[in-house]
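Input: a single structure, listed below in structure tokens.
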Amino acid sequence: MQRGDAWRPVAERLTERYPSVLLDRADEPPPPEAIPIGYSMGGRIVLHAALANPGRWPALVLVGVSAGIDDPVARRKDDDELAGWIQRKPIADIVAMWETQAAFATQSPELVAAQREGRLSFEPPELAYLLRAFGQGVMPPIWDRLSALDVPVLLLTGALDEKYLAAGRRMASLLPRGTLETIPDAGHAPQLEAPEAVADAIDSFLGELRS
């Protein structure tokens, strides 16, 4: 429910040393020489793709990402029902529902309003497809495969995002070269709530790769 342009405040802070390409679709594959930065669903897709193609990318940055949920079957049913509802509703109703989720409670009304235009630009069938193809109920848990991902991985999580902070700690303990960084006073979308802190964390991580 965000366009790639939502990452512009972060990208603009990095562009002098690290040119960025902002992707609208989570399933648009970044080129092999890039370091993909994936948020939430996009991060799950990046993580699965990296495990399926070892060595495809030199490093990963994952923001608000988990390696899977304990009961994907029940979640798949819920996601399928939600996808059906999305297909039947106008985009304005879908966005209004999305903006009330507890995961975004840490965002100011002004920040939520600033993202609205991008969210309203989606077509409901596209959103329903993404949920059915890449929702947490569809993508299998991969906790037991993280030890095979032998590339540097930066895990970024908002300090107020308790659910994904716990997932990030667990992932960092299983990834051979995983590092967890928490963004103070931010929730599930730290790139929106604290773009400067997120850019600084990414800049530091990329700088260490180059040294």
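So here's what we get for this one:
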{"quantity": "Subset tally (residues that are of a type in the set (A, V, I, L, M) and farther than 24 Å from residue 123 by Cβ) for the stretch 1-60", "calculated": "13"}
{"quantity": "Residues located in the stretch 160-181, provided they are hydrophobic (A, V, I, L, M, F, W, C), touching a helix residue (DSSP H, G or I) at 6+ places or on another chain (Cβ under 7 Å) and part of a loop (DSSP other than H, G, I, E, B)", "calculated": "175"}
{"quantity": "The lone exception for residue 92 - which of (1) within 30 Å of residue 182 (Cβ to Cβ); (2) not assigned by TED's automatic domain parsing to the domain that holds residue 163 it fails", "calculated": "(1)"}
{"quantity": "Those residues of the stretch 92-106 which are charged (D, E, K, R) and surrounded by fewer than 16 Cβ atoms within 10 Å (Cβ to Cβ), in sequence order", "calculated": "93"}
{"quantity": "Identity of the residue in the stretch 114-125, small (Gly, Ala, Ser) and part of a helix (DSSP H, G or I), that ends up nearest to residue 141 (Cα to Cα)", "calculated": "118"}
{"quantity": "Positions within the stretch 182-207 being assigned to a loop (DSSP other than H, G, I, E, B) and either more than 18 Å from residue 114 (Cβ to Cβ) or not aliphatic (A, V, I, L, M) (or both), in sequence order", "calculated": "184, 185, 187, 188"}
{"quantity": "For residue 113: the one exception among (1) surrounded by fewer than 20 Cβ atoms within 10 Å (Cβ to Cβ); (2) more than 23 Å from residue 2 (Cα to Cα)", "calculated": "(2)"}
{"quantity": "Residue ID - surrounded by the fewest Cβ atoms within 10 Å (Cβ to Cβ), chosen from residues in the stretch 24-41 that are modelled with pLDDT of 90 or more and of a type outside the set (Ser, Thr, Tyr)", "calculated": "34"}
{"quantity": "Residue 130 being assigned by TED's automatic domain parsing to the domain that holds residue 170, closer than 25 Å to residue 168 by Cβ and either surrounded by 14 or more Cβ atoms within 10 Å (Cβ to Cβ) or of a type in the set (Lys, Arg) (or both)", "calculated": "no"}
{"quantity": "Members of the stretch 131-172 that are in contact with an Asp or Glu (Cβ under 9 Å, 6 or more places away or on another chain), β-branched (Val, Ile, Thr) and closer than 19 Å to residue 51 by Cα", "calculated": "138"}
{"quantity": "Residue within the stretch 32-45 that is touching a Pro at 6+ places or on another chain (Cβ under 8 Å), closer than 24 Å to residue 182 by Cα and either outside the structural domain of residue 171 (by TED's automatic domain parsing) or not small (Gly, Ala, Ser) (or both) present", "calculated": "yes"}
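The values are calculated or read from the model by the stated rules, or taken from the named source; none is laboratory data. It should be emphasised that the depicted structure is a prediction, and the values quoted were computed from it without experimental measurement. Ideal geometry is used to build each Cβ from the backbone, glycine not excepted, and the neighbour counts take in all protein chains shown.
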